[in-house]
Amino acid sequence: MPRIRQLPPSVVTKIAAGEVIERPASVVKELLENSVDAGATRIDIELEQGGTELIRVVDDGHGIEPADLPLVFASHATSKLKDADDRCRIGTLGFRGEAMASISGVARVTVQSRAAGQATGAELSCYGGDLGEVRPWNGAAGTRVEVRHLFFNTPVRKKFLRAISTELGHAVETVTRLALGNPALHLVIRHNGRLVHEIPADAGLIERIGLFFGKDIRDALIEVPGEVGPVSLSGFVADPACDRGNARLQYLFVNGRCVRDRSLGHALQEAFRGLLMSGRYAIGFLFLQMPPDQVDVNVHPTKSEVRFRDSQALYHLVRGAVKRALLARNLVPRLQVPESVPEPTANATELPPASMYQAMPEPTPPATVASPPPTNSGLRTHDSGLAAASLRS
Ligand code: ADP
Ligand code: MG
């Protein structure tokens, strides 16, 4: 009979990394989220070979105390949670304290940081889980993280990496999501020394959408009227004339975090019912803001899915608000809804009267509405050769 053994930490880290770090874009996501959590106003991202050779993220956030540097690489070490109760009111993008440990278990990572107001900073490297020594470092205030040789010790994972252009496409998609979710953030991304995108801090949401997805979509945006209450919804959908063959341009942000949600994707599609041919998908950039205790973000290793306390109410909120936005544009001649549409309810979680949607019985969300894996479809980039290549791949 096989005996039970406790796995050594190096194996545990690799297994944990397997869940969270799938490709260079996963590293980019974790590093960017850490920078946002550190209050950065500007983040510079540099990639080499689609991020397989180098990922460098430089931020102007609050930095890390030299004494805390070794803890950055420790599993379950975080500055974002204090006790189990905090878990239920997460206001940061990260909270598990696992990302940096996972990344440094499968790559060579150097963290250089100077805390705001400190004269000097410090640096520390970790290679495949082996920690170096903390040394003084005198760079700018903020944090600079370099990740090299990703998957050097996990050849199987390395084999799954795709063409450089594909990996770059995934990384740019990650940056796109962060840029849309944080409209005051200045972001610069370079690949192999060439500028891919620069998004200035003063570029608002509409401008950002134009930058990433092109003028046609930007000019076709329809504002989804804000809903107030414990749960608020805002954002844009695009005129149905801009429909797509897949759901890739359906972005949903919950408290600033870009997530996939089959049910809300379906609500968006339902709001467009009668305006889209079958097999066509709406474009939407929707932002939900809700008290942290209304949503559990601790249900998915990469936090790309969440669980809502009242998903039914959110379904109706999204479908109703988008439909009202379309009605206001007179875009819905084929929709069988009453002519007078009730004002948004003061309490946004309150369901609209059932009669409003009598012509549209409550459907079961089909599997096809789930958000697809990230790509940079529709992307405009200065590095056009690479973007075109990644679009094709
Ligand atoms: P988490 O983000 O879940 O806390 P991570 O493994 O991503 O876990 O990071 C561990 C800790 O390292 C963070 O809690 C934070 O204190 C610190 N850290 C990582 N990156 C940065 C950064 N760019 N700026 C400031 N602190 C950082
Ligand atoms: Mg983190």
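One table, with the values for the structure above:
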quantity	calculated
Separation in nanometres of the label points that stand 7 Å from Cα toward Cβ, at LEU81 and VAL299	1.7
Zero-based 5 Å bins, Cα pair distances in region 104-195, whole percents	3, 11, 14, 17, 20, 19, 12, 4, 1
When the convex hull of its Cα atoms is projected in every direction, mean area for region 214-328 (nm²)	7.2
Which of ARG42, ARG307, ARG262 is most accessible, then next, and so on - probe 1.4 Å	ARG307, ARG262, ARG42
Tail beyond 29 Å, pair distance distribution of region 9-203 (Cα, percent)	18
Sequence of SER278, SER26, SER234 from largest to smallest accessible area, 1.4 Å probe	SER278, SER234, SER26
J(HN,Hα) series, region 189-201, from Karplus relation 6.51 cos²θ - 1.76 cosθ + 1.60, nearest Hz, glycine and proline x	10, 10, 10, 6, x, 9, 5, 9, 8, 10, 10, x, 4
Accessible surface of GLU48 - all protein chains present, 1.4 Å probe, nearest 10 Å²	70
Proximal lysines relative to LYS159, as straight alpha-carbon distance under 20 Å, when same-chain residues fewer than 8 apart are discounted	LYS14
Accessible surface of region 9-203 [probe 1.4 Å, protein heavy atoms]: carbon and sulfur percent	51
Accessible area expressed per residue, region 9-203, with surrounding protein chains retained (probe 1.4 Å, Å²)	44
Amide H within-cut-off set for GLU227, under 5 Å, with H built and near neighbours excluded	LEU233
Exposure of MET100 as accessible area (Å², to 10), given a probe of 1.4 Å and all protein chains	20
THR41 accessible area, 1.4 Å probe, all protein chains in place, Å² to nearest 10	80
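The values are calculated or read from the model by the stated rules, or taken from the named source; none is laboratory data. Since the model is a prediction, treat every value here as computed from it, not as a measurement. Virtual Cβ from ideal backbone geometry, glycine too; neighbours counted across all protein chains shown. Ligands, DNA and RNA are excluded from the accessible area calculation, which covers all protein heavy atoms including side chains. Shrake-Rupley method; radii C 1.70, N 1.55, O 1.52, S 1.80 Å.
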